[in-house]
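> Encoded as structure tokens, here's the structure I'll be asking about.
The values are calculated or read from the model by the stated rules, or taken from the named source; none is laboratory data. Everything quoted here is computed from the prediction, not taken from an experiment. Cβ coordinates were reconstructed from backbone atoms using ideal geometry, including for glycine residues, and neighbour counts include every protein chain displayed.
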Amino acid sequence: MKKTGLIIICIISVIFLIWFILPIQYNIINPGNVLGVIICLYLIFWSAFNKKYKEIKTRLCGSGTVKILWRIFNVCATVFIAYAVIISFLMVFTAFSFTPKANATAVVFGAQVKPWGPSVLLQQRIDASIKYLNENPDAKAVVTGGKGANEPISEAESMYQNIKKRINKERIFKENKAVNTMENLSYSSKIIKEKNLNKNIAIVTDSYHQLRSRIIAKKLGINSKIGSVNTINGKIGIINYPTFFVREWIAIPVEIIKPY
């Protein structure tokens with residue numbers, strides 16, 4: 001039974017290792033896939049070479065100092081596993097448990113604009129916002145995102161140009177200065193107040209991003225009802241999903257302690 005369990009863990013680890021490596025073909029390397037690769041390599045060695053792993057552990061833990069360090073490592077690993085499980089549950093819960101109020105103002109977060117148009121990630125957010133606005137005919141949207149050094153136009157402008165093909169442009173407001181999630185929400189909140197839009201908000205972004213967005217909104221004092229509108233991932237979105245999901249494990253605690 002133990003051997004079967006090790007084989008299952010090894011197979012799962014190999015699958016996820018490949019999954020974390022695949023985004024590199026799209027030049028995506030961030031703490032998410034780096035941490036994911038490290039965890040997978042450790043689990044593969046532990047499960048596929050368990051006997052060798054135990055030999056090395058016995059040899060290294062012969063001295064008192066190394067034995068203490070090993071115990072500290074085990075405690076840290078246990079705490080990290082517990083944290084990863086809890087934060088993952090909260091991320092999923094936040095993404096799928098907060099339905100937006102009817103006709104809430106959609107705040108659509110930007111993503112990279114390519115020379116030929118929206119990136120796959122940005123197009124997913126465009127599609128999700130169009131779907132939401134069609135389902136809520138009285139809702140307005142604030143598209144938010146500035147222009148990066150490697151982008152031909154601002155992310156907000158790219159979203160505006162694409163959404164207005166399907167939605168009346170009078171329902172779309174642009175915020176083209178934000179460079180991160182905090183600014184997305186802060187600047188969009190000002191537009192909502194200035195234009196007297198519905199103060200209830202529907203955050204349009206990827207599901208793994210919803211919890212951190214909600215935390216930032218609360219830190220900014222945005223106390224309106226906040227709902228989640230998640231993107232639907234295509235092939236590239238699915239390939240990148242574990243990488244960005246794990247990145248949130250690191251980004252969320254950093255966001256909690258970061259002063260504004």
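> The conditions are (1) crowded, with 17+ Cβ neighbours inside 10 Å; (2) out of contact with any Gly (no Cβ under 8 Å at 6 or more places or on another chain), and Ile56 fails exactly one of them. Which is it?
(1)
For (1) touching a helix residue (DSSP H, G or I) at 6+ places or on another chain (Cβ under 7 Å); (2) surrounded by fewer than 21 Cβ atoms within 10 Å (Cβ to Cβ); (3) over 25 Å from Asn134 (Cβ atoms); (4) among the aromatic types (Phe, Trp, Tyr), each residue gets a yes or a no:
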| site | (1), (2), (3), (4) |
| --- | --- |
| Asn168 | no, yes, no, no |
| Asn180 | no, yes, yes, no |
| Lys190 | no, yes, yes, no |
| Asn200 | no, yes, no, no |
| Thr231 | yes, no, no, no |
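> Next question, about the same structure. From the residues in the stretch 63-109 that are of a type in the set (D, E, K, R) and outside the structural domain of Asn200 (by TED's automatic domain parsing), which one is nearest to Asp127 (Cα to Cα)?
Looking at the filtered set, the residue picked out is Arg71.
> What's the total number of residues in the stretch 92-124 that are part of a helix (DSSP H, G or I) and more than 30 Å from Glu151 (Cα to Cα)?
Of all residues in the stretch 92-124, those part of a helix (DSSP H, G or I) come to 92-97, 120-124.
From what's left, more than 30 Å from Glu151 (Cα to Cα): 92-94, 96-97.
So the count comes out to 5.
> Can you work out which of the residues in the stretch 217-238 that are among the polar types (S, T, N, Q) and within 13 Å of Asn200 (Cα to Cα) is modelled with the lowest pLDDT?
Within the stretch 217-238, the first condition is being among the polar types (S, T, N, Q), and the residues that meet it are 223-224, 228, 230-231, 233.
Filter once more, keeping what is within 13 Å of Asn200 (Cα to Cα): 223-224, 228.
Values: Asn223: 83, Ser224: 87, Ser228: 96.
The qualifying residue modelled with the lowest pLDDT is Asn223.
> Exactly one condition in (1) of a type in the set (Ser, Thr, Tyr); (2) surrounded by 14 or more Cβ atoms within 10 Å (Cβ to Cβ); (3) touching a residue at least 40 places away in the same chain (Cβ under 8 Å); (4) under 29 Å from Ile216 (Cα atoms) is not met by Thr99; state its number.
(2)
> If the requirement is being crowded, with 20+ Cβ neighbours inside 10 Å and closer than 17 Å to Val204 by Cβ, which of these qualifies: Glu175, Glu157? Give the steps one after another, and end with the answer.
On the way: Glu157 fails: crowded, with 20+ Cβ neighbours inside 10 Å.
Only one candidate qualifies: Glu175.
> Kindly state which helices (runs of 4 or more DSSP H) lie completely within the stretch 1-80 and contain at least 2 residues that are within 25 Å of Ile238 (Cβ to Cβ).
Details: elements: 2-21, 31-48, 50-60.
Counting at least 2 such residues, we get 2-21, 31-48.
> Moving to a separate point now. I'd like to know if the stretch 125-145 contains one or more residues that are in a helix (DSSP H, G or I), among the small types (Gly, Ala, Ser), in contact with a strand residue (DSSP E or B) (Cβ under 6 Å, 6 or more places away or on another chain) and in the same structural domain as Ile236 (by TED's automatic domain parsing). Show your work before the answer.
Pass one, the stretch 125-145, residues in a helix (DSSP H, G or I): 125-135.
After this cut, where a residue has to be among the small types (Gly, Ala, Ser) as well, the list is 128-129.
Pick out the ones that are also in contact with a strand residue (DSSP E or B) (Cβ under 6 Å, 6 or more places away or on another chain) and you get 128-129.
So of that shortlist, the ones also in the same structural domain as Ile236 (by TED's automatic domain parsing) come out as 128-129.
Looking for residues that are in a helix (DSSP H, G or I), among the small types (Gly, Ala, Ser), in contact with a strand residue (DSSP E or B) (Cβ under 6 Å, 6 or more places away or on another chain) and in the same structural domain as Ile236 (by TED's automatic domain parsing), one finds at least one in the stretch 125-145, hence yes.
> A further question follows. Does any residue of the stretch 211-225 turn out to be surrounded by fewer than 22 Cβ atoms within 10 Å (Cβ to Cβ), free of Cβ contacts under 8 Å to residues at least 12 places away in the same chain, under 20 Å from Ala139 (Cβ atoms) and in contact with a helix residue (DSSP H, G or I) (Cβ under 9 Å, 6 or more places away or on another chain)?
Among the residues of the stretch 211-225, at least one is surrounded by fewer than 22 Cβ atoms within 10 Å (Cβ to Cβ), free of Cβ contacts under 8 Å to residues at least 12 places away in the same chain, under 20 Å from Ala139 (Cβ atoms) and in contact with a helix residue (DSSP H, G or I) (Cβ under 9 Å, 6 or more places away or on another chain), which makes the answer yes.
> Check the stretch 61-68 and report whether any residue there is in contact with a helix residue (DSSP H, G or I) (Cβ under 6 Å, 6 or more places away or on another chain) and surrounded by 10 or more Cβ atoms within 10 Å (Cβ to Cβ).
Let us first name the residues in the stretch 61-68 that are in contact with a helix residue (DSSP H, G or I) (Cβ under 6 Å, 6 or more places away or on another chain), namely 61, 66.
Add one more test, that the residue is surrounded by 10 or more Cβ atoms within 10 Å (Cβ to Cβ), and what stays is 61, 66.
Yes, the conditions are met somewhere in the stretch 61-68.
> Would you check which residues across the stretch 242-260 are under 30 Å from Ala102 (Cα atoms), of a type outside the set (Asp, Glu) and modelled with pLDDT under 95 and list them?
From the stretch 242-260, those under 30 Å from Ala102 (Cα atoms) are 244-245, 248, 252, 255-256; that's our starting set.
The next check asks that each one be of a type outside the set (Asp, Glu); those that pass are 244-245, 252, 256.
Ile256, the sole residue that qualifies.
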